[in-house]
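The values are calculated or read from the model by the stated rules, or taken from the named source; none is laboratory data. Since the structure is predicted, the reported quantities are computational estimates derived from the model, not experimental observations. Positions of Cβ are backbone-derived with ideal geometry, glycine not excepted, and every protein chain shown enters the neighbour counts. To get the accessible areas, we keep the full protein, side chains included, count just its heavy atoms, and leave off ligands, DNA and RNA. Shrake-Rupley method; radii C 1.70, N 1.55, O 1.52, S 1.80 Å.
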Amino acid sequence: MDTVTRPDLDLPSWPVPVSPVPADPALEARVEDLLASLTLEQKVGQIVQGDIASATPAGVAGLKLGSILNGGNSAPGGRMRASPQDWLDLADAYWLASAGADGSGIPVFWGTDAVHGNNNIVGATMFPHNAGLGATGDPDLLERIGRATAREIR
């Protein structure tokens, strides 16, 4: 990997990132057109991540928020024992609010706080804290835990 050296700033050499995905000029043009069509307020909204405890689907639609987090202390309607269907219905409501009924908007990213299992869902498997898992020195175990967590989130 190439590096960039900035001796004038007394900075170490940093790797130059190289994307493993080949450039797609048509996609790049589409992204540039989309960005050019957004107002400053919409661009700012796209870099904001609201939490489900404070950002409603209507707020996502109005502010054009780019991301929603279902964090460790948030749940649909504040119900910490909400069902998986309640979670799905809420995620769908945010998606519809962001993309619109016709799908022409920018879909919101849905962030899940699942650092040691999908702890927001009653009945999901919980795993030890990441520091403890790292101390096992077992990368295969960590990959299996990651796959199990991903399956339960999906």
Here the residues within region 69-90 that are over 22 Å from K43 (Cα atoms) and of a type in the set (A, V, I, L, M, F, W, C) are A75, M80, A82, W87, L88, L90
What is the one condition in (1) part of a loop (DSSP other than H, G, I, E, B); (2) within 20 Å of I153 (Cβ to Cβ); (3) over 16 Å from the mean Cα position of the chain (by Cα) that D89 does not satisfy? (1)
Among the residues listed as A99, A26, the single one being among the small types (G, A, S), at pLDDT 90 or above and surrounded by 12 or more Cβ atoms within 10 Å (Cβ to Cβ): A99
Six or more apart or on different chains, Cβ under 8 Å: which pairs go from a residue in region 37-63 that's more than 14 Å from A97 (Cα to Cα) and in contact (Cβ under 8 Å) with a residue 40 or more places away in the chain to one that's outside any strand (DSSP E or B) and of a type outside the set (S, T, N, Q)? Could you list them? Q49/L65; Q49/G66
With respect to G105, determine if the residue is closer than 30 Å to V31 by Cα, part of a loop (DSSP other than H, G, I, E, B) and either out of contact with any Pro (no Cβ under 8 Å at 6 or more places or on another chain) or among the small types (G, A, S) (or both). yes
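Checking the condition under 16 Å from the mean Cα position of the chain (by Cα) and either open to solvent by less than 80 Å² (accessible area, probe 1.4 Å) or among the acidic types (D, E) (or both), which residue from P107, P76 passes? Before the answer, list the steps.
Values: P76 fails: under 16 Å from the mean Cα position of the chain (by Cα).
Testing whether each residue is under 16 Å from the mean Cα position of the chain (by Cα) and either open to solvent by less than 80 Å² (accessible area, probe 1.4 Å) or among the acidic types (D, E) (or both) leaves just P107.
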Total residues in region 116-151, condition exposed (fewer than 13 other Cβ atoms within 10 Å of the Cβ), in a helix (DSSP H, G or I) and either touching a strand residue (DSSP E or B) at 6+ places or on another chain (Cβ under 7 Å) or aliphatic (A, V, I, L, M) (or both): 5
May I ask you to verify whether A61 is surrounded by fewer than 14 Cβ atoms within 10 Å (Cβ to Cβ) and not hydroxyl-bearing (S, T, Y)? no
Selection from region 32-60 of residues that are assigned to a helix (DSSP H, G or I) and of a type in the set (S, T, N, Q): S37, Q42, Q46
For K43, the lone unmet condition from (1) open to solvent by 80 Å² or more (accessible area, probe 1.4 Å); (2) more than 25 Å from G117 (Cα to Cα); (3) out of contact with any Leu (no Cβ under 8 Å at 6 or more places or on another chain) is (3)
Condition met for D113 (surrounded by fewer than 12 Cβ atoms within 10 Å (Cβ to Cβ) and closer than 30 Å to L35 by Cα): no
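Just to be sure before I move on: is R154 at pLDDT 90 or above and loosely packed, with under 15 Cβ neighbours inside 10 Å in the structure I sent?
On the way: at pLDDT 90 or above: no; loosely packed, with under 15 Cβ neighbours inside 10 Å: yes.
The answer is no for R154.
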